[in-house]
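K.L.:
A single structure is presented below for examination.
FYI, it's all coordinate maths here, none of it is from the lab. Computed from a predicted structure; not experimentally measured. Ideal geometry is used to build each Cβ from the backbone, glycine not excepted, and the neighbour counts take in all protein chains shown.
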Amino acid sequence: MIIKVLLLVVFFSVMIGIGFYCRKNATDVNGFVLGGRSVGPWLTAFAYGTSYFSAVIFVGYAGQFGWKYGIASTWVGIGNTILGSLLAWVVLGRRTRIMTQHLDTATMPEFFGRRFGSNSLKIAASVITFIFMIPYTASLYNGLSRLFGMAFHIDYSICVIAMAVLTGIYVIAGGYMATAINDFIQGIIMLVGIVAVIAAVLNSQGGFMAALDGLAKIEDASVSSTPGVFASFFGPDPLNLFGVVILTSLGTWGLPQMVQKFYAIRSEKAINKGTVVSTFFALIVAGGCYFLGGFGRLFSGRVDIVANGFDSIIPAMLSGLPDLLIGIVVILVLSASMSTLSSLVLTSSSTITLDLLRDNLDKKMTEKKQVSVMRVLIVLFIGISVVIALIQYKSNVTFIAQLMGISWGAMAGAFLAPFLYGLYWKKATAAGCWASFLFSVIVMIANMVIRPSFPVLLQSPINAGAFCMIAGLVIVPVVSLITRAPEAAHVDQAFAAYRKKVLVYQDEALSDDEEDAEIAAAEAKAAASSGADCQPAD
């Protein structure tokens with residue numbers, strides 16, 4: 001117990017210390033929300049990864065999908081790596097950084113408003129973000145109760161309140177930069193922790209081959225009559241497994257707290273390096289989590305799914321580990337939860353402050369007041385999420401946990417297609433965005449209220465969310481082509497960001513600050529020799 005408590009004290013002390021160290025970077029809106037758009041590749045990549053993978057993934061999703069699909073659940077981690085990390089960085093990273101800086105936007109709703117010339121669109125995006133971010137935030141605490149009960153035998157309420165208070169302190173003090181640095185440290189803990197846990201769990205079952213052989217011998221007639229199905233390549237239900245891959249992988253393309261990481265990255269070199277680092281991080285953490293969960297049925301003697309639910313699977317797998325390793329696991333889950341929580345509350349507070357209050361209610365709000373309001377709202381959002389989490393725990397209100405999947409599906413379904421087309425396609429219209437917003441929000445709310453009326457395949461919130469994302473990719477271009485075309489001058493002004501001349505067009509390579517002098521000198525020399533009037537790049 002002394003070891004476990006000491007690990008917690010050191011962990012929390014470092015997090016808070018970094019928060020206060022970064023106060024100098026959080027004096028204005030740009031610094032508080034985006035770290036001055038000067039965050040390097042390692043910090044950005046780890047911030048992206050730690051915001052992606054929370055305790056919901058490690059305890060909830062890994063246990064649930066590992067139980068349902070066996071070792072095939074590893075495909076979810078592979079999808080998160082390739083589609084959710086690698087392709088997200090390649091497709092969105094550079095263009096997001098260029099256009100958001102050109103339009104001077106700090107949030108996703110603000111991007112929609114300026115890119116499509118619609119203040120009402122920005123307000124709608126802000127409201128959607130606010131409504132669906134709160135239950136998502138509350139769900140982050142769900143994975144902690146059983147682990148803390150197992151490791152410390154203390155009440156879940158104490159754990160929730162302590163985590164919320166300590167996260168709030170470092171986010172309020174240091175803003176995005178403190179969050180990014182802490183995410184880096186928390187990410188290292190997650191990398192080391194997941195590798196150590198997998199090795200220990202498999203060793204307890206006689207090694208990888210023995211564990212896989214044991215998994216192949218497990219039969220569940222209610223799931224499948226195929227022998228060895230839980231150790232097979234695609235598992236007992238490939239179609240629903242595919243829905244999980246789409247929701248948890250493609251969803252990152254439309255979640256504000258994920259996409260806004262690209263707003264803050266520093267340069268072209270940072271994007272290239274960040275792509276590699278983020279992909280590696282996802283492969284180890286996401287791949288490792290779902291791979292570990294795939295062996296959950298080997299511990300069926302310790303688990304009562306009917307009484308305790310899927311969240312009891314991972315804690316049961318870990319309960320026999322040495323105390324030191326259990327302490328590392330607790331820090332791992334805390335890291336995953338605190339990093340995601342800090343990202344969510346910072347996104348929520350900045351969205352409400354910049355997109356609703358400043359631009360609609362107090363247009364003369366000073367920079368200092370904006371930062372102060374965001375700090376107050378961070379306290380408010382964390383407080384609301386704590387209350388919801390405690391209500392769920394004390395009253396066993398299970399629908400709140402289900403709202404995490406609905407929240408993810410609604411936000412990503414609404415925002416993914418409009419954001420992607422907004423970056424790449426000049427003909428995308430505000431009407432197309434509205435259609436995507438309304439379709440996804442209505443479908444996901446209906447899925448929550450009248451789920452039995454849905455087709456069998458779409459009754460799962462996960463499948464419904466994946467359906468909304470894919471449908472949006474069709475809805476936006478169809479509606480855009482049959483509605484009034486956007487004003488050409490406005491669109492050209494937005495896309496002019498990509499045609500700023502450096503040495504190549506900026507949609508091919510961002511200029512790095514350290515190269516500016518060389519670029520300017522090269523252009524000046526070329527201008528002198530040709531007699532052309534050459535404008536140096538910024």
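K.L.:
Measure nothing fancy, just the Cα-based angle from helix 119-139's long axis to the longest principal axis of the chain, in degrees from 0 to 90, nearest 10.
P.N.:
Once rounded, one gets 20 degrees.
K.L.:
Using the structure shown, select from K269/K426; K122/K368; K273/K500; K426/K500; K273/K426 the pairs with a Cα to Cα distance greater than 25 angstrom.
P.N.:
From K269/K426; K122/K368; K273/K500; K426/K500; K273/K426, over 25 Å: K269/K426; K273/K426.
K.L.:
Could you give the longest part of the chain that holds none of the GluC sites (Glu not before Pro) found in DSSP loops with at most 15 neighbouring Cβ atoms within 10 Å?
P.N.:
220-486
K.L.:
Karplus couplings for the stretch 364-371 from phi (6.51 cos²θ - 1.76 cosθ + 1.60, θ = phi - 60°), rounded to Hz, Gly and Pro as x?
P.N.:
Per residue, the Karplus-derived 3J(HN,Hα) values read 9, 5, 6, 4, 4, 5, 4, 5 Hz.
K.L.:
Where the only charges are on Cβ atoms (+1 Lys, Arg; -1 Asp, Glu), what is the dipole of the stretch 237-364 about its Cα centre, to the nearest 20 debye?
P.N.:
Its charge dipole is roughly 460 debye.
K.L.:
Right, another one. Please work out the Cα center distance from the stretch 91-121 to the stretch 245-274, rounded to the nearest Å.
P.N.:
Each part's Cα centre sits 14 Å from the other's.
K.L.:
Projected onto the charge dipole of the chain (+1 at Lys/Arg Cβ, -1 at Asp/Glu Cβ, origin at the Cα centre), which of I313, Y176, L354 gives the Cα projection farthest towards the positive end?
P.N.:
Of I313, Y176, L354, it is L354.
K.L.:
Dipole size in debye (nearest 20) for the stretch 2-495 around its Cα centre, Lys and Arg Cβ +1, Asp and Glu Cβ -1?
P.N.:
Using Cβ point charges on Lys, Arg, Asp and Glu, the stretch 2-495 gives about 1060 debye.
K.L.:
Of the options V285, I123, I470, report the single residue whose Cα projects farthest towards the positive end of the charge dipole of the chain (beta-carbon charges: Lys, Arg +1; Asp, Glu -1).
P.N.:
Going by the charge dipole, the pick is I123.
K.L.:
Follow-up. Scanning the chain for trypsin sites (Lys or Arg not before Pro) in DSSP loops with at most 10 other Cβ atoms within 10 Å, what's the longest stretch left with none?
P.N.:
My reading of the result: 1-362 is the longest stretch.
K.L.:
What is the distance in Å between the Cα centres of the stretch 424-494 and the stretch 284-346?
P.N.:
Each part reduced to its Cα centre gives a spacing of 34 Å.
K.L.:
If you don't mind, another one. Can you work out D for the chain in µm² s⁻¹ from Stokes-Einstein, where Rh is the Kirkwood radius over C-alpha pairs, the temperature is 10 °C and the viscosity is 1.306 mPa s?
P.N.:
Result for D is 66 µm²/s.
K.L.:
From the backbone phi of the stretch 193-203, what are the Karplus-calculated ³J(HN,Hα) couplings (6.51 cos²θ - 1.76 cosθ + 1.60, θ = phi - 60°) in whole Hz, Gly and Pro given as x?
P.N.:
Per residue, the Karplus-derived 3J(HN,Hα) values read x, 5, 5, 5, 5, 4, 4, 5, 5, 5, 4 Hz.
K.L.:
For K68, go through the lysines and keep the ones whose alpha-carbon is under 30 Å away, minus same-chain ones fewer than eight residues off.
P.N.:
K217, K394
K.L.:
Next up: Taking θ as phi - 60°, what are the ³J(HN,Hα) couplings along the stretch 167-172 by the Karplus curve (6.51, -1.76, 1.60), each to the nearest whole Hz, with x for Gly and Pro?
P.N.:
5, x, 4, 6, 6, 5
K.L.:
Let me ask another. Whole-Å semi-axes of the stretch 223-284's equivalent ellipsoid, largest first, each the root of 5 times a Cα gyration tensor eigenvalue?
P.N.:
Here the semi-axes work out to 35, 14, 6 Å.
K.L.:
For the chain, what is the mean residue ellipticity at 222 nm derived from helices alone (per DSSP H run of n ≥ 4: -39500 (n - 2.57); sum divided by total residues; nearest 500 deg cm²/dmol)?
P.N.:
Dividing the helical sum by the residues of the chain leaves -22000 deg cm²/dmol.
K.L.:
Output the 0 to 90 degree angle, nearest 10, between the alpha-carbon long axis of helix 430-449 and the longest principal axis computed from the alpha carbons of the chain.
P.N.:
Roughly 20 degrees between the two axes.
K.L.:
Farthest toward the dipole's positive end in the stretch 237-374, which of L239, V373, I326, given Cβ charges of +1 (Lys, Arg) and -1 (Asp, Glu) about the Cα centre?
P.N.:
V373
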